[in-house]
Amino acid sequence: MKALRYLARNPISLIGVLLLIAFALIAIFAPVIAPTQEFQMTPYDTPRAGFLATPQPPSPEAIFGTTEGQYDIYYAVVWGTRTAFKIGLGVVSISVLIGATVGAIAAYYGGVLDEILMRIVDVFMAVPFLIAAMVLTALLGKGIIPVTIALTTFGWMGYARIIRSEILRIREMDYIHAARSYGASDLRLILLHILPNAFFPVMVLATMATGSMVLSASALSFLGVGTEEGYADWGQFISYSRNWIIGQPGNPFQYWYTLAFPGAAIFLFVLSWNLVGDALRDILDPRHSH
Amino acid sequence: MLNYAFRRLLMLPVVMFALSLMIFGLQMSLTPTQRLAAYAPSPDFLKGGQDSIRRLIEQYGLNDPFYLQYGRWIGNILTGNLGWSETARQPVGTALTSLLPATLELVFIAFVPGLLLAIYLGSRAGIYLNRWQDHLIRFFTIFGWSFPVYVFGLLMLLIFYSVLDWFPPGRLSQWAQAVVTSRDFVRYTGANTIDSLLNGNLPVFFDSLRHLAAPVITLIYVNLANMTRVMRTSMLETLRQDYVRTARAKGLRRRVVELKHARRNALLPVVTIAGMELAYMMGGVVITETIFDYSGLGQFAAKSAANLDFPAILGFGLYFAVVLVVLNLVVDLIYPLLDPRVKTR
């Protein structure tokens, strides 16, 4: 109820929610909006219309135009929505699981174990994120699974810290003492009594991180270590536009479509997650109520 | 407080040790031939055919057990030999020190105005909570944050280079590059803006500013949201404090209270986040430098990572760990100066 009232007062946040719903619908109905064609190994292989080196402008056959190498931009933008959801939600949910486990163990058992786990978190925090992810992806090979593994490996620490501090805070509350006094086990205390109450701060962080993980994944593709050639992935397609965006002398906007469509897709996708995360943070933060 | 800062400093060797172990572990997944590059003092070293390479692998013990190899490797690094970078075609240490000024120049020129802008926008948003100014600022900053750096960078190139021809990519124009590398030009710092001023060469100064403009604007805009957000939240918190109400009750004007009393105290959390942000920028201008073909540490690190040039990657990792620890230390030391309450704790 509180959330609905907030949305009514904050039209910008409402836009975020609507955008997110729109992207979800595009992802679900991708096979209908951009039907797969013959000779594709998977639906994520973008069909190409020939092998011409220069991008071709939008036409009835390719309504968003084609990239260098004639990959169909419209198809890639539609199926790229699925790729974005897969990577964003995949990386964040696995990171939350790892982070929650590490944070919960550290907080609950404390002492030496806590110290060791938190120092490991410190070490991972001291790693330059994008470069580390690049190295790991370069070692593991191209594809969305290596990308997901790389981003998760260097992206779980924030959740461990939040979960740990939330547990330390909640552990001292009366209802936990009460639960313990009637004989609840450690595991039961953590899973049923403590973690659900630590849920909201994690949810805010996770929502915001979904957008930024999609950005990082696309940055990997842009830097040449992300998904395979021709995979329906926005970052990959933006990297195809790199050599063309300057246009030609006298006609700087000649190849506008190579950047405009995949660029707009990733921008709006990340924007929607950020707006929703921002709204969640306001709704859950008592300081913002007037 | 100092005690705490000292403990942080002690963490540095631990972090570095773990980092080196991590990177070495990744490196061990390569073949001995590929790893040989890490020991090469110069490129000629690797020219000599299969036999010579096999001999070198034996000589450097690249088939030895993990701990032996790690020990030798770390020993090399401790004596200051970071190895040879295939990407830069020079020793890693030389490459890092020659590229550092370029990155520092870019980061500081972007960081200071970015911080001031974030403080201004954040306090405005806090004062005008839930009114149109707040919504506008929030939308403007989240807009920038949602941009992939390279999409924004490509747009900048399209508009300011291709259409207007104001801000070209690279670090200097060809004529300016010739001036800078000429014998009369003294390289004091390696940062083009500072060096050109010290040499009294204004055309080169303006040329380097022209090249810096687009990456600087990109960095400021895409990084604005976080600090603005923290400033806004902190401002909201401060505006609820009793002393603010007291000041208002005494009859001080609202603006005076907001800007003089509240904003100063609201700055504290921003200091912490600004330190993090600066560290992040010093290690994370990877994409910005790549897009604008600005040859600094970020571009070098990205190329090295894509080429699996491990000596260079480790060098960059160690550099970043030092930056992180030093900046955290600086924040820890600045904090008690700004907030006297911290000392007594």
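The values are calculated or read from the model by the stated rules, or taken from the named source; none is laboratory data. Nothing here was measured: the structure is a model prediction, and the numbers come from that model. No Cβ is skipped: glycine too gets one built from the backbone with ideal geometry, and neighbour counts run over all protein chains shown. Each accessible area value is taken on the protein alone, full model and side chains, heavy atoms only, with ligands, DNA and RNA left out. Shrake-Rupley method; radii C 1.70, N 1.55, O 1.52, S 1.80 Å.
Check B:Leu172 against each of (1) outside any loop (DSSP other than H, G, I, E, B); (2) away from chain A (no Cβ under 14 Å); (3) under 26 Å from A:Gly247 (Cβ atoms); (4) without any contact (Cβ under 8 Å) to a residue 60 or more places away in the chain and name the one condition it does not meet.
(1)
Mind checking which residues of segment A:243-274 are free of Cβ contacts under 8 Å to residues at least 40 places away in the same chain and more than 23 Å from the chain's Cα centre (by Cα)?
Looking only at segment A:243-274, we keep the residues that are free of Cβ contacts under 8 Å to residues at least 40 places away in the same chain, and these are A:245-254, A:256, A:259-260, A:263-264, A:267.
A:Ile245, A:Ile246, A:Gly247, A:Gln248, A:Pro249, A:Gly250, A:Asn251, A:Pro252, A:Phe253, A:Gln254, A:Trp256, listed by residue number.
Say whether the condition of being closer than 30 Å to A:Gly143 by Cα and either free of Cβ contacts under 8 Å to residues at least 12 places away in the same chain or at the interface with chain B (Cβ under 10 Å from one of its Cβ atoms) (or both) is met by at least one residue in segment A:171-182. Walk me through it before giving the result.
Pass one, segment A:171-182, residues closer than 30 Å to A:Gly143 by Cα: none.
No, segment A:171-182 has no match at all.
Looking at A:Met125, is it under 30 Å from B:Met22 (Cβ atoms), out of contact with any strand residue (DSSP E or B) (no Cβ under 7 Å at 6 or more places or on another chain) and not polar (S, T, N, Q)? Please lay out each step first, then the result.
On the way: under 30 Å from B:Met22 (Cβ atoms): yes; out of contact with any strand residue (DSSP E or B) (no Cβ under 7 Å at 6 or more places or on another chain): yes; not polar (S, T, N, Q): yes.
Spelling it out, A:Met125 is indeed under 30 Å from B:Met22 (Cβ atoms), out of contact with any strand residue (DSSP E or B) (no Cβ under 7 Å at 6 or more places or on another chain) and not polar (S, T, N, Q).
Looking at this structure, is A:Val214 at pLDDT 85 or above and either in a loop (DSSP other than H, G, I, E, B) or within 12 Å of another protein chain (Cβ to nearest Cβ) (or both)?
Values: at pLDDT 85 or above: yes; either in a loop (DSSP other than H, G, I, E, B) or within 12 Å of another protein chain (Cβ to nearest Cβ) (or both): yes.
Taking the combined requirement at face value, the residue satisfies it.
Considering only residues of segment A:251-272 that are surrounded by 19 or more Cβ atoms within 10 Å (Cβ to Cβ) and assigned to a loop (DSSP other than H, G, I, E, B), which is nearest to the other protein chains (Cβ to nearest Cβ)?
Among them, the one singled out is A:Pro252.
So A:Asp72 passes all but one of these: (1) out of contact with any Gly (no Cβ under 8 Å at 6 or more places or on another chain); (2) buried (at least 22 other Cβ atoms within 10 Å of the Cβ); (3) charged (D, E, K, R); (4) farther than 25 Å from A:Ser218 by Cα. Which condition number does it fail?
Here A:Asp72 meets the rest and fails (4).
Considering every residue within segment B:180-190, establish whether at least one is open to solvent by 20 Å² or more (accessible area, probe 1.4 Å), facing chain A (nearest Cβ under 9 Å) and β-branched (Val, Ile, Thr).
No; the residues of segment B:180-190 include none that is open to solvent by 20 Å² or more (accessible area, probe 1.4 Å), facing chain A (nearest Cβ under 9 Å) and β-branched (Val, Ile, Thr).
Do we find a residue being at pLDDT below 80, more than 17 Å from B:Leu154 (Cβ to Cβ) and surrounded by fewer than 21 Cβ atoms within 10 Å (Cβ to Cβ) anywhere in segment A:237-250? Can you show your working first?
Let us first name the residues in segment A:237-250 that are at pLDDT below 80, namely A:242-250.
Checking the rest, the ones that are also more than 17 Å from B:Leu154 (Cβ to Cβ) come to A:249-250.
Still in the running and surrounded by fewer than 21 Cβ atoms within 10 Å (Cβ to Cβ): A:249-250.
Yes: segment A:237-250 contains one or more residues that are at pLDDT below 80, more than 17 Å from B:Leu154 (Cβ to Cβ) and surrounded by fewer than 21 Cβ atoms within 10 Å (Cβ to Cβ).
Can you pull out every residue in segment A:159-181 that is assigned to a helix (DSSP H, G or I) and either buried (at least 20 other Cβ atoms within 10 Å of the Cβ) or charged (D, E, K, R) (or both)? Spell out the reasoning first.
Going through segment A:159-181, the residues assigned to a helix (DSSP H, G or I) turn out to be A:159-171, A:174-181.
Residues satisfying the conditions are A:Tyr159, A:Ala160, A:Arg161, A:Ile162, A:Ile163, A:Arg164, A:Glu166, A:Ile167, A:Arg169, A:Arg171, A:Asp174, A:Arg180.
Identify all residues within segment B:146-169 that are without any contact (Cβ under 8 Å) to a residue 12 or more places away in the chain and surrounded by fewer than 13 Cβ atoms within 10 Å (Cβ to Cβ); write none if there are none.
B:Leu164, B:Asp165
Taking A:Thr137 and the conditions (1) buried (at least 19 other Cβ atoms within 10 Å of the Cβ); (2) over 17 Å from the mean Cα position of the chain (by Cα); (3) of a type outside the set (Phe, Trp, Tyr); (4) closer than 30 Å to A:Phe222 by Cα, which numbered condition does it fall short on, given that it satisfies the others?
Unmet condition: (2).
Please verify whether A:Ala198 is within 14 Å of chain B (Cβ to nearest Cβ) and part of a helix (DSSP H, G or I), treating the condition exactly as stated.
Criteria not met by A:Ala198.
Taking interchain pairs and intrachain pairs at least six residues apart, which have beta carbon atoms under 7 angstrom, with the first residue in segment A:145-163 and free of Cβ contacts under 8 Å to residues at least 24 places away in the same chain and the second open to solvent by less than 10 Å² (accessible area, probe 1.4 Å) and assigned to a helix (DSSP H, G or I)?
That search, which allows pairs on different chains as well, returns A:Pro146/A:Thr137.
Do any helices (runs of 4 or more DSSP H) entirely within segment A:97-154 hold 3 or more residues that are more than 10 Å from chain B (Cβ to nearest Cβ) and farther than 22 Å from A:Phe85 by Cβ, and if so, which? Show your work before the answer.
Details: elements: A:111-125, A:129-140, A:144-153.
Counting at least 3 such residues, we get A:111-125.
Would you check if there is a residue in segment A:29-44 being surrounded by 19 or more Cβ atoms within 10 Å (Cβ to Cβ) and farther than 26 Å from A:Phe154 by Cβ? Step through it out loud before you land on a result.
Just the residues of segment A:29-44 that are surrounded by 19 or more Cβ atoms within 10 Å (Cβ to Cβ), to begin with: A:30, A:34, A:44.
The next check asks that each one be farther than 26 Å from A:Phe154 by Cβ; those that pass are A:30, A:34.
Scanning segment A:29-44 turns up at least one residue that is surrounded by 19 or more Cβ atoms within 10 Å (Cβ to Cβ) and farther than 26 Å from A:Phe154 by Cβ.
Select from segment B:79-98 the residues that are under 18 Å from the mean Cα position of the chain (by Cα), in contact (Cβ under 8 Å) with a residue 40 or more places away in the chain and open to solvent by 40 Å² or more (accessible area, probe 1.4 Å) and list them in ascending order.
The one that is under 18 Å from the mean Cα position of the chain (by Cα), in contact (Cβ under 8 Å) with a residue 40 or more places away in the chain and open to solvent by 40 Å² or more (accessible area, probe 1.4 Å): B:Ser98.
Of all the residues that make up segment B:206-247, how many are surrounded by 16 or more Cβ atoms within 10 Å (Cβ to Cβ) and without any contact (Cβ under 8 Å) to a residue 24 or more places away in the chain?
2
So which residues in segment B:50-78 are free of Cβ contacts under 8 Å to residues at least 40 places away in the same chain and β-branched (Val, Ile, Thr)?
Matches in segment B:50-78: B:Ile53, B:Ile57.
Within segment B:229-246, work out how many residues are at pLDDT below 85 and away from every other protein chain (no Cβ under 11 Å).
7
Residues B:Asp165, B:Asp195: which one is acidic (Asp, Glu) and outside any helix (DSSP H, G or I)? Spell out the reasoning first.
On the way: B:Asp195 fails: outside any helix (DSSP H, G or I).
The match here is B:Asp165.
Restricting to segment A:213-226, name every residue that is crowded, with 18+ Cβ neighbours inside 10 Å and over 15 Å from the mean Cα position of the chain (by Cα). Let's see the steps before the verdict.
So in segment A:213-226, the residues crowded, with 18+ Cβ neighbours inside 10 Å come out as A:213-223, A:225-226.
Across segment A:213-226, the qualifying residues are A:Phe222, A:Leu223, A:Val225.
Rundown of residues vs (1) part of a strand (DSSP E or B); (2) open to solvent by less than 70 Å² (accessible area, probe 1.4 Å); (3) out of contact with any Asp or Glu (no Cβ under 8 Å at 6 or more places or on another chain); (4) within 14 Å of chain A (Cβ to nearest Cβ), yes/no style:
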| position | (1), (2), (3), (4) |
| --- | --- |
| B:Leu68 | no, no, yes, no |
| B:Gly71 | no, yes, yes, no |
| B:Ile77 | no, yes, yes, no |
| B:Leu100 | no, yes, yes, no |
| B:Pro113 | no, yes, yes, no |
| B:Leu116 | no, no, yes, no |
| B:Leu136 | no, no, yes, yes |
| B:Gly144 | no, yes, yes, yes |
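Can you confirm whether segment B:315-323 contains a residue that is more than 30 Å from A:Ala133 (Cβ to Cβ) and part of a helix (DSSP H, G or I)? Before you say what the answer is, go through the steps one by one.
Taking segment B:315-323 first, the residues more than 30 Å from A:Ala133 (Cβ to Cβ) are none.
No, the conditions are met nowhere in segment B:315-323.
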